[in-house]
1. Report, by chain and number, residues whose modeled amide H sits under 5 Å from the one on T21, excluding near sequence neighbours (fewer than 5 apart, same chain).
2. Roughly what angle does helix 178-195 make with the longest principal axis of the chain, taking Cα atoms, 0 to 90 degrees, to the nearest 10?
3. Taking every Cα atom in the stretch 131-232, find the radius of gyration and the maximum pairwise distance Dmax, and write them in Å.
4. What percent does the relative contact order of the chain come to when contacts are Cα pairs within less than 8 Å and at least six residues apart?
5. From the phi angles alone, apply the Karplus equation (6.51, -1.76, 1.60; θ = phi - 60°) to the stretch 153-167 and give each ³J(HN,Hα) in whole Hz, x where the residue is Gly or Pro.
6. Compute the acute angle (0 to 90°) between the alpha-carbon long axis of helix 84-93 and the principal axis of greatest extent of the alpha-carbon atoms of the chain; round to the nearest 10°.
7. Out of every Cα pair in the chain, what percent are spaced more than 22 Å from each other?
8. Long-range amide H contacts for R129: which residues qualify at under 5 Å (H placed 1.01 Å from N, peptide plane, sequence gap of 5 or more or a different chain)?
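Each reported figure results from applying straightforward, stated rules to the coordinates on display, with no laboratory input. On a predicted model such as this, the values are computed, not experimentally measured, just so you know. Note that we place each Cβ from the backbone using ideal geometry, even for glycine, and neighbour counts take in every protein chain shown.
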Amino acid sequence: MEAEHVEPHCHADLGQLLATTRGVIRVTTEDNQWLVPPGRALLLPPGVVHAVHSPKESRLRAVLIAPQMCQDFLPACRIIALTTLLRALIDAAARCPSDYPVPSPASRMVAVLLDQIASAHSEPLGVPRPSDTRLRRVTDALMASPADGRSLSEWQDVAGASNRTLARLFEAEIGMSFSHYRRQVQMQAAVGMLASGLPVGEVAHALGYSTASAFAFAFRKTLGSPPSRFRDQVEWADCRTV
């Protein structure tokens, strides 16, 4: 798939798997923003409205999953880490027609793919988007500028709500504190920069961290692995998407 921005849309009766083969794509749903670097894939249940932003250098594979295969399997969006087997299955499934019959060789292969997805490791590369308009002013601004270091009290005028109200809304709507949320936004941005090849030190500086070690500590605490893991992603061969 060539680089592009796909406006909000949904597949009413089909599930979808989006796997990045080069670069990093951003997928926005009503209540979340997802970043998909190489070696990961985003699962979208049927009916989820989403927009896709693909930078110029990015390439991706898209696999549509028949309604019968989605029942009780894709209850919510999530990002998974791809094993070698999963990558090979995605390569093969991406070449199948979207209207494959069930049962058929294609449906049986997708069944194996779904079985592998069921045991795949989920990764916290999504950032929640709240529904409250006051809170959304803060979260949208942070997503646009992850290095913004303002404290919660300094966002009161932007949000049109008190410090106490904002703190309550973060816990009630997002399920985490303001500081935790900001770190999630920063780490999502970090993954994109690291996957594009930027050195760890440059990423740390761009996100406002005083040292690379402080950034690495936050990255490991949030994502469970050191930032170097995301630096040299293996690119798949260019191929078409169905």
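1. R59, L60, R61
2. 50 degrees
3. Final numbers for Rg and Dmax: 14.4, 43 Å.
4. 20 percent
5. After applying 6.51 cos²θ - 1.76 cosθ + 1.60, I find 5, 7, 9, 4, 5, 5, 7, x, 8, 6, 4, 5, 5, 4, 4 Hz.
6. Approximately 60 degrees, to the nearest ten.
7. 56 percent
8. N32, Q33
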